[in-house]
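Report on the following structure.
Every read-out reported here was derived from the displayed coordinates using simple, explicitly stated rules and does not represent laboratory data. Every value quoted in this text rests on a predicted model; they were computed, and no experiment measured them. So basically every Cβ, Gly included, is an ideal-geometry build from the backbone, and we count neighbours across all protein chains shown.
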Amino acid sequence: MRYWQRWKKEQSEGNTVMNKSTWELPGKILLMVMLFLSTWSLSGQGVTKVTGNVYDRETGEPLPFVNVFFKNTSVGTTTDLDGYFEIESRFVTDSLSASFLSYKTETIPIRIEERNTGLRIFLS
């Protein structure tokens, strides 16, 4: 008999005493929820987040659609029309690269598992 059916039957019979078997399913559900929440809270650790802009070294103008990626990973993004990008990864990496057609690929060091904001990358 399912938990809810048993509970309904006990309630209709006026039995309000909850025995061990009545708590089996809620206990299992509570354990699963606690495990999920503990894993979820740990998953936020170890994230490297980077934001910044990519510019042309000679003119100083922002470059749109530049490929920005964490070196030696498959995590990447492109800059918007103003040369701005946001990227994050759970992979451990200490370098960020930017590449664009007819420009030399630029690689810069970043701080691992921290926020790296306001980076300015210049391509030549």
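Among the lysines, which have Cα under 22 Å from the Cα of Lys71 when same-chain residues fewer than 8 positions away are ignored?
Partners within reach: Lys49, Lys104.
Just grab the label-to-label distance for Thr117 and Asp82, each label 7 Å out from Cα along the Cβ direction, in nm (one decimal).
Placing both labels 7 Å beyond Cα along the Cβ direction yields 1.5 nm.
Tell me, what does the Kirkwood hydrodynamic radius of segment 39-123 come to in angstroms if you use every pair of distinct C-alpha atoms?
13.1 Å
Tell me, what is the FRET efficiency for Phe65 and Arg6 to the nearest 0.05, using R0 = 41 angstrom and their Cβ-Cβ distance as r?
Step by step, r from the Cβ atoms, then E = 0.10.
Kindly write out, for segment 97-114 in residue order, the coupling ³J(HN,Hα) from the Karplus curve 6.51 cos²θ - 1.76 cosθ + 1.60 (θ = phi - 60°), rounded to whole Hz, with x marking Gly and Pro.
Per-residue couplings from phi come out as 10, 10, 9, 7, 4, 6, 10, 6, 5, 10, 10, 10, x, 10, 7, 6, 6, 9 Hz.
Straight-line reach from Lys28: which lysines fall under 22 Å, measuring Cα to Cα and dropping same-chain residues less than 8 apart?
Correct list for Lys28: Lys8, Lys9, Lys20.
Find the relative contact order for segment 59-122 and round it to a whole percent, using C-alpha pairs within less than 8 Å whose residues are 6+ positions apart.
Result for segment 59-122 is 27 percent.
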